[in-house]
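FYI, it's all coordinate maths here, none of it is from the lab. The shown structure was predicted, so the numbers you read here are calculated from the model rather than taken from an experiment.
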Amino acid sequence: MSTIFSKIINKEIPADIVYESENVLAFKDIKPQAPVHLLIIPKIEIPKVTDLNGSEHSLLLGEMLDTANNIAKEMGIADDGFRLVFNCGYNGGQEVYHLHLHLLGGRKMNWPPG
Ligand code: 5GP
């Protein structure tokens, strides 16, 4: 089932897009939890991490990680470090069922997470 992220991909609703390729989109989270909080998503509809399999999605996942690294470097948060998060399902705290990688940085992150 399509989510609000499909509407962002299709430019039906606005988002602060920082990077776009044929396969992935990166945009600012509407409710940032850190000075830098971006979401990196595939353009195809994959609901969550458990819908991934390595043989089919390895290139896509690689591009998502490259995108996160490149943005972190461009935004000047790579040297101090950052956090990448996939929330998966109910216990993982996932709210939007379109796969997304959170890129959080610009402050010291806490551990353990809430
Ligand atoms: P989840 O909890 O599913 O891992 O994270 C979903 C994220 O999407 C949340 O951090 C939330 O703030 C963000 N989000 C939800 N709706 C929108 C939206 O319409 N636009 C943007 N830019 N972010 C959204």
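Computed values, structure above
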| quantity | calculated |
| --- | --- |
| Euclidean distance between Cα centres, region 18-45 to region 69-104, Å | 9 |
| Residue-wise HN-Hα coupling along region 24-29, computed from phi with Karplus coefficients 6.51, -1.76, 1.60 (Hz; x: Gly, Pro) | 9, 9, 10, 8, 6, 5 |
| Amide H partners (placed H, <5 Å) of residue 25, local residues excluded | 41, 43 |
| Net length gained if the chain between residue 21 and residue 74 were fully extended (0.36 nm per residue, minus Cα distance) | 17.4 nm |
| Per-selection metrics, the chain (Cα): Rg and Dmax in Å | 13.6, 38 |
| Gyration tensor verdict on region 47-114 (Cα atoms; rounded if a/c is under 1.5, prolate if a/b is larger than b/c, oblate otherwise) | oblate |
| Vicinal HN-Hα couplings computed from phi for region 93-103 (Karplus, 6.51 cos²θ - 1.76 cosθ + 1.60; Hz; Gly/Pro x) | x, 6, 10, 10, 8, 9, 2, 8, 9, 7, 10 |
| Long-range HN-HN contacts of residue 99 with modeled amide H, under 5 Å | 46, 48 |
| MRE, 222 nm, helices only [DSSP H, n ≥ 4, -39500 (n - 2.57), over the chain, to nearest 500] | -8000 deg cm²/dmol |
